[in-house]
Amino acid sequence: MKNFNQLKDLLTSIEGDADKFFNNGNAAAGTRVRKGLQEIKTLAQEIRNEITAAKNDSKK
């Protein structure tokens, strides 16, 4: 659950930069959004692996 909360916090943290990029055309903000999205992707994969491991452990 810790990683899930981290994922929510990360998404919230890039919201301002996404607004700056899409509404104001700030290229630097777009770079920060892309970096944040990469971190989200990595964290989401970790969460998927944790869920799979928990499911497999419960079947044993």
Once label points are set 7 Å from the Cα along Cα→Cβ at both N49 and L37, what is their separation, rounded to one decimal in nm?
2.3 nm
Subtracting the Cα-Cα distance of K59 and N5 from 0.36 nm times their residue separation yields 16.8 nm
Could you give the size of the charge dipole of the chain about its Cα centre, using +1 on the Cβ of each K and R and -1 on the Cβ of each D and E, expressed in debye and rounded to the nearest 20?
260 debye
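For n ≥ 4 DSSP H runs only, could you compute -39500 (n - 2.57) per run for the chain, divide by its residues and tell me the 222 nm figure to the nearest 500? Display every interim value, and only then the final one.
Numbers: 2 runs with 56 residues, N = 60.
One gets -33500 deg cm²/dmol as the mean residue ellipticity at 222 nm.
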Check the straight Cα-Cα distances from K35 and name the lysines below 27 Å, setting aside those fewer than 8 residues away within the same chain.
K2, K8, K20
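Determine the sum of side-chain charges near N56: Lys and Arg each +1, Asp and Glu each -1, restricted to other residues whose C-beta is under 14 angstrom from that of N56. Present the calculation step by step, with values, prior to reporting the outcome.
Working: positive: R48, K55, K59, K60; negative: E50, D57.
Spelling it out: positives minus negatives among the neighbours equals +2.
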What are the semi-axes of the equivalent ellipsoid of the chain, taken as the square roots of 5 times the eigenvalues of the Cα gyration tensor, listed largest first and rounded to whole Å?
32, 10, 6
Which residues qualify? For N26, with a placed amide H closer than 5 Å and at least 5 residues away or on another chain, they are F21
Using the charge dipole of the chain (Lys, Arg: +1 at Cβ; Asp, Glu: -1 at Cβ; taken about the Cα centre), state which of L7, F22, I47 has its Cα farthest towards the positive end.
I47
Taking Cα atoms, the helix 2-24 axis meets the longest principal axis of the chain at an angle in degrees (rounded to 10) of 20 degrees
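No lab work stands behind these numbers, since they all come straight from the coordinates. Worth saying up front: this structure is predicted, and the values here are computed from it rather than measured. Note: ideal-geometry Cβ built from the backbone for every residue, glycine included; neighbour counts use all protein chains shown.
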